[in-house]
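Report on one structure; see the data block that follows.
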């Protein structure tokens, strides 16, 4: 036994040689230079800064296993970027890449960062971000101290399903009837003196509330003011770091609508601040109403899932498509595939999506690459909790790899941009097969069984 110095601990109190769970947290600003391209689906150049962007990290250690949970105000976390960050963290901190979860907030007001998209990337900024994120994890690791863990959730009304079938085809319109998850879910970490160390929170929603096309300012969309609201609300209780991890919100968007309720309303700067503060207030309520959970032992499983493509088009179909399509980006996609086929190259049949599962005692975090539809995340969550494998199952998209939209089987006959259009953004030969939904859910549950079986 040794004496551990803790604020608020009486001098005659002796703590065990090692508490069962240790935690540390840190945040670093990662705002890009003004004048760069925003990766927003259009060629938009930033003209100023609405909110600084941040990388936020929590490191957890149970004495045998150490993990890092890292939230980043970026649109994507594609595989080559994640690999570079993990390598840097392994070298600086000694945490193995398997044990590092890298999540992107999916703000559309962030910098062009993904080399998978057609947009040019500022490679100097990208290399700086790699080091900056690694430094954040290093500082969190250096700040490790005994901690306790609690979990909670609260429900608001900040999100809505954005796929509505009109005349037989899905359009990007508010759908009041379809699935949505309006919960803010929280993992709360307290120091042993009762002060707050960090609040990890997650919602399943696109970072597309702000009018980034009409007002191209760098910012974190609603996520930045949500984090600010959490940190402000608990400033007198330990100044915790707020870490945001994006849930499975591939078909979900902020619930900010035109007065008639029929369309989405792009938020002004003031409106996005109000939206974010509201979402943050729901997370604050979840943190205040949280209940204790055992946050150890820590265990990790990781797998690359080969997501299957449908049959690719022929050269003749691609050439015909070229004459019919009016979208320049898609014409570039057709030319890319035509060149490959004319050179005798085989088109890929699958693309790998990383699935990483981190067990923190009674908490199971499932991190998937890509823009996973909310129904898939909820199916995984329900299965894990119904089988009593987890008290809380937190399902995330936008993590460790980027494979585009991972859609439900139901969405394919409905059409719309997610299952039928945006695969071209990533130079894929065809959309994923509809059975991808069942394949992902089944493989995730099988992987989780390795940690709980």
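The numbers here are math on the coordinates, done by the rules we state, and not lab data. Keep in mind that what you see is a predicted model, and the values were worked out from it rather than measured. With ideal geometry, Cβ positions are generated from the backbone for all residues, glycine too; neighbour counts draw on all protein chains shown.
Among 246, 332, the order by Cβ neighbours within 10 angstrom, fewest to most, reads 332, 246.
Principal-axis analysis of the Cα atoms of the chain puts helix 328-342 at an angle of about 80° to the longest axis.
Cβ-to-Cβ counts within 10 Å put 368, 292 in ascending order as 292, 368, the fewest first. The label-point distance for residue 289 and residue 87, in a model that sets each label 7 Å from Cα toward Cβ, rounds to 4.6 nm. Against the main long axis of the alpha-carbon atoms of the chain, helix 269-288 sits at an angle near 40°. Distance between the 7 Å Cα→Cβ label points at residue 143 and residue 388: 3.8 nm. Among 363, 444, the ranking by other beta carbons within 10 Å of each residue's beta carbon, starting with the fewest, stands as 363, 444. Mean separation of Cα pairs under 8 Å and 6 or more residues apart, divided by the residue count, gives the chain a relative contact order of 17 percent. Mean residue ellipticity, 222 nm, helices only, the chain: the sum of -39500 (n - 2.57) across DSSP H runs of n ≥ 4, divided by residue count and rounded to 500, is -9000 deg cm²/dmol.
Here the spin labels are modelled as points 7 Å beyond Cα on the Cα-Cβ line, and at residue 80 and residue 193 they lie 4.7 nm apart. Within segment 287-401, antiparallel bridges make up roughly 75 percent of the DSSP beta bridges whose residues both belong there. Annotation: extensible slack from residue 265 through residue 449 equals 62.0 nm (criterion: 0.36 nm per residue apart, minus Cα-Cα distance). For the chain, the antiparallel share of DSSP beta bridges with both residues in that region comes to about 75%.
Relative to the longest principal axis of the Cα atoms of the chain, the long axis of helix 315-324 makes an angle of roughly 90 degrees. The length gained by stretching the chain between residue 176 and residue 239 to full extension, at 0.36 nm per residue less their Cα-Cα distance, is 18.9 nm. Its relative contact order, with pairs defined as Cα atoms under 8 Å and 6+ residues apart, puts segment 373-412 at 47 percent.
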